[in-house]
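Worksheet for the structure shown next.
Each value in this text was obtained by applying a stated rule to the coordinates, not by laboratory testing. Quick caveat: nothing in here was measured; it's all calculated off a predicted structure. Every residue, glycine as well, gets a Cβ built from its backbone with ideal geometry; the counts of neighbours run over all protein chains shown.
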Amino acid sequence: MERPAWAPSGIDISVPSVSRIYDYYLGGSHNFEVDREAARKAMEFVPGLPKVMQSNRAFMRRAVRFAVDEGVTQFLDIGSGIPTFGNVHEVAQAASPDARVLYVDHDPVAVAHSEAVLAGNAAAAVVAADLRKPADVLGSPQAARLLDLDRPVALLLVSVLHFVEEQDEPHRAVAELRDALPSGSLLILTHASYETMPLPQETVGGAVGVYRDIRNPLVMRPKDEVARFFDGFELVAPGLVKLPEWRPETPVEQEDPYAFSGFAGVGRKA
Amino acid sequence: MPARPSGSGAEPEEPADPDLVLEDRIRRFATIWSRAIFPVTATSLTRPEFEGHLLPWVRELSGALHRRPFDTQPAHRVGAALVDAHCTDPDALSRTLGVVDSYLVLYCGRPGAEPAEELRARCARLQHALAAGFARGLRQRTLTEQEAIARSALAARAAAEEALHATEARFRAVFDGAAVGIGIADLDGNILEVNGTLTRMFGGLEHHLRNRNVTDWVHPEDGPQVWRMYGELIRGERENFRVEKPYYRGDGTALWTNLSVSLLRDAEGRPQYQLALMEDTTERRLLNLRLRYEATHDALTGLPNRTLFFERLDKALAAAGGDARFGLCYLDLDGFKAINDSLGHSAGDRLLVEVADRLQSCATRPGEMVARLGGDEFVALTTRPVGQDDETGELARRILSVLSVPIRLDGRELTVRGSIGLVEGPAGGERSPAEVLRSADITMYRAKSAGGNRYERADPEADARAITRHGLTTALPAALERGEFFIEYQPLVHLGDGTVHGAEALVRWCHPQHGVLGPDRFIPLAEHTGLIVPLGRWVLQEAVRQARFWNRSHSDGGPLRINVNLSPTQLHHPGLVADTVDVLERSGLDPGALCLEVTESALIGADEDLLKPLRQLAEMGVDIALDDFGTGYSNLANLRRLPVSVLKLDRSFTQGMQTHPVDPVDLKIVEGIVSLAHSLQLTVTVEGVETGAQAEQLRELGCDTAQGWYYARPGAPDRIHSLLLADAV
């Protein structure tokens, strides 16, 4: 029997969570030993994982500022994880006092933590929903309160789509979200890919195996498949590029080799 | 923008302004520091931004290096600030300490202000403080974050438990409040859980259900598939099934349900439980049975009605197998209408109820049924297999016998008789229920017209006749339109001289299937449907036209008369006179050449209103003949007041004269009639003359004209023509 939508899954903190692993990579302590153990295992294969995460965060920061510069001040961040420093709402609200941010995650602990962090922030909220069910995101009361879907929205899918397996139809989910957003909306996206890693695929595959073992499979996609997420969007310059190459503010050649591990791009809905 | 560093480890230059010099050195220090630790931070700031972030801390450290009294607190704060800036990696501390150790005195020391040893010592103590501040900040942050994430995990778990609890509460509410009975059992059939509705359905005592096994509930009226499907379900071969199933309640009464059983599987898909949903349909079923009963039974007598009878008859007729037979008695009470009319409907109804009871007592054997079709029509059906001799006849005799006992009604004894049409035959035949019933109906009428209080057996020929009568009736209107009627003429001969005096027009129907039909076959039908009026008009028109033709082409032989029959309905038709006048005027025939024949019976008891049109016609000169005279009970005295000029003696008189010797009484009667007629100025025509002796005798008795086979059979108009020519010769 399929679990009804209103029946939540249980909370089991003995199972590693990608949100908390991510926090660990970023030097945070919002994690448990199971998370750290998984993270350390993955780092045995790819020691630069923290740099990858940092590079993602740096891209996100540049992209959010870009969005505000473009006049887009509504942000829908799906797969937001454990809120840590330099979050979307911090960057966005620093750049524009009008900025509104809706975080979405399906990890109940991440959501509970976000609620605690965002308490008292009227212009930001979190909703427990799944990227694979866009209707749950768009139909939430928080979305109704924070987002005006008649005005452009910046949809952030940073470091999340590579956790959606093909059978869950990530392209369909993105298209569904796209269709709900007005023209002028932005898609801010990063995605892991073997092509971008400074290591042989077999080595990276070890880290991928760790994620598979914790039942959060990491799906590395080639560039053209990542590009397909932008169907219905027009990529802004410089297009779909390696993370640090997207509108860099400092010389790209000074970046750590691991910082290039992933594609990043921003598209505008026609 | 922070100044771009010119290079690490370079000797500081000596600008003129000491403040500017210090600021420049502070920036250089920040550049070196940021380069050292940026790679090990997790910040999302760019390196230049990060460097700018470090600048105030360099000033703090620089200030602390020289402050008097010496205070390490600023270094402590810087250590903590590093943690706040997400430089939580231990390498960030060691690299920071390395940079401070190597460059703080070099860039921020004021040469000559303090002894070099003191600056080194101060720098060392600042490093200790910075390290302590970092450690304390990191410890604080770690504890805070650990606590925060633990709290979040607890909150999430609490929320999940709450939601789960709400889910369960909702499920419980659905389970408890459902209008359908819900039960869960394991795969061995042991009942694990039942809801209140199910308990109430079974009589309200939970122990009747708990600890019971599903297989205890085998019921004799279970559908044939129920337990097979149950077996498939618990073996995991089917996901669900839905049946109508009866149960015994605790008190032994029947509980009828719409039962839906589903298989519940575990997470791995293995069958685990069975879930039964039951809807109590007992009352609905009773209601349906009652509605079905009402729809198939007669409200007055309680007997099966027409609907049920046809269902059974249908089944009986469709029954396969060579030896299956059916028999049917169609009963109509004799004279029931009179009882109803004289005693009232209520008495009539009670009579029907009594008759129904008696009939029911006649058909008590298996395979027998009695139904009321409506009014006073009943039917008894028997579907017993062949073997018993004349089963159906026996049934009919039983029915007549039970009816022969008088019925007491309101202190009166009523004798009720019935006429029965009996049909029997093999099942699986070609006849439809409607055909069988029609045959029974026709046969019943035969019994009735034979005097009633009897049964008749269906006879295919009699049926065919009746069926043809039905067919003819419906075909009549189209036949007139299509010109299927024609007229034959039979000569009327003067008995005195043997000349042709005229002819009687006799209508025939050339039916496409049945061939030529005489008037006796269709005139009563036309009379019944009213088609006689247009048909009669056509005959009159045609005959008059023909007479006019003869008279014109044969003017020397004196006027030739044409006799046309008028039926009772035509007699009553208000257009009779006008139509006749119209026909005569159009053809130009002398009214005196037309004779309309009216039967004696049509004029019995005729009042002046009915006679008026005939009188009008007679006044115009049209002869009126009284046809079939002597068959009815006419009042001879009445003859005077009828506008009649001709009597046509019925053929029964002439038949009496064919015997040898002729009955003298017959002769006297005819002689008397002729004498009477002549005294009333009426001429006498005789029909059915077949021999010369007859003709001679009738002439001697004084009859005026005759017709019959002796002279000519009815024939085509040209036959008359040739007879006329023969006369003329």
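Quick notes on this one:
- Estimated distance in nm for a label pair at B:S346 and A:D150, the labels positioned 7 Å out from Cα along Cα-to-Cβ: 7.9
- For the range B:300-458, the alpha-carbon coordinates run over 51, 31, 25 Å along the three principal axes, in decreasing order.
- Size descriptor for chain B, Kirkwood hydrodynamic radius: 39.2 Å (Cα pairs only, one decimal).
- Nearest 10 degrees, 0 to 90: helix B:391-404 Cα axis against chain B principal axis: 70
- Within the straight-line cut-off of under 17 Å between alpha carbons, the lysines reachable from A:K223 are A:K242, sequence neighbours fewer than 8 places apart in one chain being disregarded.
- Once the Cα gyration tensor of the protein assembly as shown is diagonalised, semi-axes √(5λ) in Å: 126, 39, 22
- Once both labels are positioned 7 Å from their Cα atoms along Cα-to-Cβ, the gap between B:E117 and B:D582 label points is 16.0 nm.
- Taken residue by residue and averaged, Cβ atoms of other chains lying within 10 Å of the Cβ of A:244-256 number 1.
- Kirkwood Rh and Cα Rg combined as Rg over Rh, evaluated for the range B:179-286: 0.95
- Residue-averaged [θ]222 nm for chain B, counting only DSSP H segments that reach four residues, each worth -39500 (n - 2.57): -16500 deg cm²/dmol
- Prolate/oblate/rounded call for the range A:48-269, Cα gyration tensor, a/c under 1.5 rounded: rounded
- In order along the range B:103-110, the Karplus-derived 3J(HN,Hα) couplings, from 6.51 cos²θ - 1.76 cosθ + 1.60 at θ = phi - 60°, round to 10, 5, 5, 4, 8, 10, x, 9 Hz, and Gly and Pro are given as x.
- Each peptide in A:153-160, A:207-214, B:168-175, B:690-697 was scored by the mean count of other Cβ atoms within 10 Å over its residues; highest first, the order is A:153-160, A:207-214, B:690-697, B:168-175.
- Inter-label distance, nm, simple model (7 Å from Cα along the C-beta direction), B:E232/B:T499: 10.1
- Treating each Cα of the range B:236-312 as an identical point scatterer and summing with the Debye formula, the log10 of I(q)/I(0) at q = 0.11, 0.14, 0.26, 0.27 Å⁻¹ comes to -0.51, -0.68, -1.07, -1.11.
- Karplus-based coupling profile of the range B:414-425, in residue order and whole Hz: 10, 9, 10, 10, x, 10, 10, x, 10, 10, 9, x, with θ = phi - 60° in 6.51 cos²θ - 1.76 cosθ + 1.60 and x standing for Gly or Pro.
- Lysine pairs in chain B with Cα atoms under 28 Å, if 8 or more residues apart or on separate chains: 4
- Given 16 as the ceiling on other Cβ atoms within 10 Å, longest exposed-site-free region of chain A for GluC sites (Glu not before Pro) in DSSP loops: A:71-164
- For A:K51, the aspartates and glutamates whose Cα comes closer than 13 Å to its Cα, not counting residues fewer than 8 places off in the same chain, are A:D23, A:E255, A:D256, B:D89.
- The H on the amide N of A:L76, modeled in the peptide plane, is under 5 Å from the matching H of A:L102, A:A154, A:L155, A:L156, each at least 5 residues off or on a different chain.
- Ellipsoid semi-axes for the range B:18-146, based on the Cα gyration tensor and the rule √(5λ), read 24, 17, 11 Å when sorted largest first.
- Close amide H pairs (under 5 Å, H built 1.01 Å from N) link B:L414 with B:I407, B:R408, B:L409, residues at least 5 positions away or on another chain.
- Of the GluC sites (Glu not before Pro) in the range B:227-290, those whose Cβ has at most 12 other Cβ within 10 Å and which sit in DSSP loop: B:E237, B:E268
- Restricting the trypsin sites (Lys or Arg not before Pro) of the range B:212-253 to loop positions (DSSP other than H, G, I, E, B) with no more than 12 neighbouring Cβ atoms within 10 Å leaves B:R235.
- Value of [θ]222 nm, deg cm²/dmol, for chain A, DSSP H segments ≥ 4, -39500 (n - 2.57) each, nearest 500: -11000 deg cm²/dmol
- Residue-wise HN-Hα coupling along the range A:163-175, computed from phi with Karplus coefficients 6.51, -1.76, 1.60 (Hz; x: Gly, Pro): 9, 10, 6, 4, 4, 8, 6, x, 5, 5, 4, 5, 5
- Axis angle, to the nearest 10 degrees, between helix B:608-619 and the longest C-alpha principal axis of chain B: 60 degrees.
- Charge context of B:Q697, other residues only, Cβ under 13 angstrom, K/R +1, D/E -1: -4
- Three-way shape call for the range B:401-504 based on the alpha-carbon gyration tensor, with the a/c threshold at 1.5: oblate
- Fewest-first sequence of B:L698, B:L351 by Cβ atoms within 10 Å of each Cβ: B:L351, B:L698
- Charge context of B:F653, other residues only, Cβ under 12 angstrom, K/R +1, D/E -1: -3
- Other-chain or far-sequence residues with amide H under 5 Å of B:E690's (modelled H): B:Y710
- Computed from Cα positions, the angle between helix B:717-728 and the longest principal axis of chain B comes to roughly 10 degrees.
- Around B:G98: net Lys/Arg minus Asp/Glu count, Cβ-Cβ under 13 Å: 0
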